[in-house]
Amino acid sequence: MLRVLGCSLVLSVQAFYSASDDVVVLTPSNFNKEVIQSDSLWLVEFYAPWCGHCQHLTPDWKKAATALKGIVKVGAVDADQHKSLGGQYGVRGFPTIKIFGANKNKPEDYQGGRSSQAIVDGAMNSLRTLVKERLSVGQNGEKSNTSQSGGGGAGNKEDVVELTDDNFDKMVLEGDEVWMVEFFAPWCGHCKNLEPEWAAAASAVKEQTKGKVRLGAVDATVHQAVSSRYGIRGFPTIKVFRKGEEPEDYQGGRSRGDIIERALDLFSDHAATPELLEILSEDLFKKTCEDSQLCVIGVLPHILDTGAAGRNGYLEVMKKMSEKYKKKMWGWLWTEAGAQMELEASLGIGGFGYPAMAAINTRKMKFALLRGSFSETGIHEFLRELSVGRGSTATLGGGNMPKIHTVEPWDGNDGQLPVEEDYDLSDVDLDDDFDKDEL
């Protein structure tokens, strides 16, 4: 999420909820056991410590939890620390409140007020609905399915790649993807418990990393060659494989949340540096910015003012910053001063002060401007402030996307002044008797 929106104060996690509160602190390690496998109705807040609206909600959330104690469970997830949980449930803003009722795999969005009374009223309405559903199910002689395993869906077993002695090297060692591989035995009880978590994680990871991180499984009792190669002696054993590197043992938890979190870390660690693109068309601008949580845009001086060397210097600074912040998976764009006047106007750059930089959240239609120097130090300070929820923001162009013009790409050369045409006047008869006063 873009952390600068409505959030100015960074608080520690401990300042939100503690063991003395009636709010249950939820993490990837306990979420499945506490929430998904529970028969209780749960209200879960997904928050970020730097979010001002979350800070304002905290006292009312605690009051509601106390009032609902023994009736409805109330929990909270630091979704800034545990991004995998927020990602599983499509959390895109803070605070987000979800209601986990009859079908724990499909929580509902809480749409009520944020006061303690409104939260309690909403919880009781959901509880009545849940009781009615259970009563209806019981009258129909069917079993209630309130404790399905898994968070955010049961996952698809087909998303777990079956690895064998024959295909292991080609798929895992020779491929460009990062792999998390489970070595299992069919008779192993712990392996059976892991199976649904592994399948659910595989589906989520496939979607969230666009296939850059894969989850596979090897039946070590059948494919003994590859299993013995990696010294597998217990089940399940999970190893991480990166191309060209020695495999490492996975030491994390066995819930889908833990697995997804590690997979996303692996994805971020090996993410390619985002490409710095010139704004050449509206389609390019929209695709880059709409596909990213944040879009960093540099507006560089006209080529006649800097020459190719000067422009390349600015571009090199931006490329270094895109490498430094590549884990954020932001979009990076640049344009020449005057080429996209509507964009400059919407950002308040207004034809002066080049080079300039802005960070845009197109989902929120908000932006922040670089106030310091256009240097590695200045831009790093600017982006670091955004990353921790500091800095001032404004609404982009009154809430509307600016018009983006189609332009020709920079050819990489110095700029050339327009060449004036020479006129041949040798064939022109001049009147020798003209009046000088007529000139």
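The values are calculated or read from the model by the stated rules, or taken from the named source; none is laboratory data. Keep in mind that this is a model prediction, so the values were computed, not measured. Note that each Cβ is placed from the backbone with ideal geometry, even for glycine, and that neighbours are counted across all protein chains shown. Each accessible area value is taken on the protein alone, full model and side chains, heavy atoms only, with ligands, DNA and RNA left out. Shrake-Rupley method; radii C 1.70, N 1.55, O 1.52, S 1.80 Å.
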Legend entry - Any pair with Cβ under 7 angstrom, 6 or more apart, that starts in the stretch 254-283 at a residue that is outside any loop (DSSP other than H, G, I, E, B) and ends at one that is among the basic types (Lys, Arg): Leu264/Lys83; Phe267/Lys212; Ser268/Lys327; Leu276/Lys319
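Here's the yes/no breakdown for (1) open to solvent by 10 Å² or more (accessible area, probe 1.4 Å); (2) at pLDDT 90 or above; (3) not basic (Lys, Arg):
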| site | (1), (2), (3) |
| --- | --- |
| Ala19 | yes, no, yes |
| Val24 | yes, yes, yes |
| Ser29 | yes, no, yes |
| Trp42 | no, yes, yes |
| His53 | yes, no, yes |
| Ala65 | no, yes, yes |
| Val77 | no, yes, yes |
Inset, instruction - Answer yes or no: is there a residue in the stretch 181-190 that is buried (at least 18 other Cβ atoms within 10 Å of the Cβ) and farther than 21 Å from Arg233 by Cα. - result: no
Inset, instruction - Counting only residues that are closer than 19 Å to Leu280 by Cβ, give me the strands (runs of 3 or more DSSP E) lying completely in the stretch 328-371 with at least 1 of them. - result: 331-336, 356-361
Inset, instruction - Collect the residues in the stretch 198-223 that are part of a helix (DSSP H, G or I) and touching a residue at least 24 places away in the same chain (Cβ under 8 Å), keeping them in residue-number order. - result: Trp198, Ala199, Ala200, Ala201, Ala202, Ser203, Ala204, Val205, Lys206, Gln208
Inset, instruction - Examine the stretch 327-350 for a residue that is among the hydroxyl-bearing types (Ser, Thr, Tyr), open to solvent by less than 20 Å² (accessible area, probe 1.4 Å) and under 17 Å from the mean Cα position of the chain (by Cα), and state whether such a residue exists. - result: no
Legend entry - Single unsatisfied condition, Ile99 versus (1) touching a helix residue (DSSP H, G or I) at 6+ places or on another chain (Cβ under 6 Å); (2) at pLDDT below 85; (3) closer than 20 Å to Trp61 by Cα: (2)
